[in-house]
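Contents: one structure, followed by commentary.
The values are calculated or read from the model by the stated rules, or taken from the named source; none is laboratory data. Since this is a predicted model, take the numbers as computed values, not measurements. Heads up, the Cβs are rebuilt from the backbone with ideal geometry, glycines too, and the neighbour counts pull from every protein chain shown. Side chains included, ligands, DNA and RNA excluded: accessible areas come from the protein's heavy atoms. Shrake-Rupley method; radii C 1.70, N 1.55, O 1.52, S 1.80 Å.
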Amino acid sequence: MADIGTTGLGTTDIRQYLRGLAVFAGELPEFDPDAAPERPETLFVDWLTGAVDAGVREPHAMTLSTVGADGTPSARALLLKNVDRRGWQFAAGAASPKGRDLAANPVAALSFYWPQQARQVRITGTVAPESAERSADDFLARSPGARAEALAGRQSSPLRDVRELELATERALERVEREPGLVVPEWTLYTVRAEQVEFWQADKERRHTRLRYERAGEDWTRGRLWP
């Protein structure tokens, strides 16, 4: 679709355009909350693998939402690294904007959406860094290009010349090739210890099915929510 400024389309036209887009198209999977497992991690893995089987592109991509020291929220997409009984894991540089947010406010929200199945999962909880050893293992498991990008650093800093980025990346990649065991010290593996996990299954008639897990010590309670 062309840019609004070049077409003369007004707000009403865009509203009508958006309302005309299809939602919840195709056959949707069933979800029976009464048959849900006791722990949310188990159901999450079931839904994640179901998204893979349904052909969802990058089903492990999620939105990470954090809050800065000044109270400003920020959200960005990144990849899930692992999930187990301890929580959901992702990695980032401690000096990056998200790393600074987490240092100031160690809480986060994770959001997954799998459009082919019209399913989403929302996770909120506290965040803690993993050990230097586990963080290093995660870093070394990245591709050479991904390690070079992290080594070049300066994430989110103003870029005045693309050539500067190219040169920094080339130098970083050369160093990675020379030193295959090199680890960026600030690279950190984080774990979100969920306090709430919600599973949402869309319904074409908008009678969406929502199931929320809430932590109770090391166990969980669960119950349905209104759409």
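A protection proxy built from the mean count of other Cβ atoms within 10 Å ranks the segments 94-104, 205-215, most packed first, as 94-104, 205-215. Helix 162-178 and the longest principal axis of the C-alpha atoms of the chain enclose an angle of approximately 80°. Using C-alpha pairs below 8 Å separated by at least 6 residues, the relative contact order for segment 22-178 is 19 percent.
Using heavy atoms of the protein chains and a probe of 1.4 Å, the accessible area assigned to D203 is about 50 Å². Counting heavy atoms of the protein chains alone, E38 has an accessible area of about 140 Å² for a 1.4 Å probe. Heavy-atom surface analysis with a 1.4 Å probe gives the chain a carbon and sulfur content of 51 percent of its accessible area. Computed over all pairs of different Cα atoms, the Kirkwood value for the hydrodynamic radius of segment 54-126 is 13.0 Å.
When nucleic acids and ligands are ignored and a 1.4 Å probe is applied, S111 ends up with an accessible area of around 40 Å². Between A25 and E179, the contour length at 0.36 nm per residue exceeds the alpha carbon distance by 50.5 nm.
Distant-in-sequence amide contacts of G125, defined by a placed amide H-H separation under 5 Å and a gap of 5 or more residues or a different chain, comprise A108, E195.
Can you give me the accessible area per residue for segment 113-175, using a 1.4 Å probe, in Å²? Before the final figure, lay out each step's value.
Details: 3910 Å² over 63 residues.
I get 62 Å² per residue for this part.
Charge dipole (Cα centre; +1 on Lys/Arg Cβ, -1 on Asp/Glu Cβ; no other charges) of segment 140-227 amounts to roughly 460 debye.
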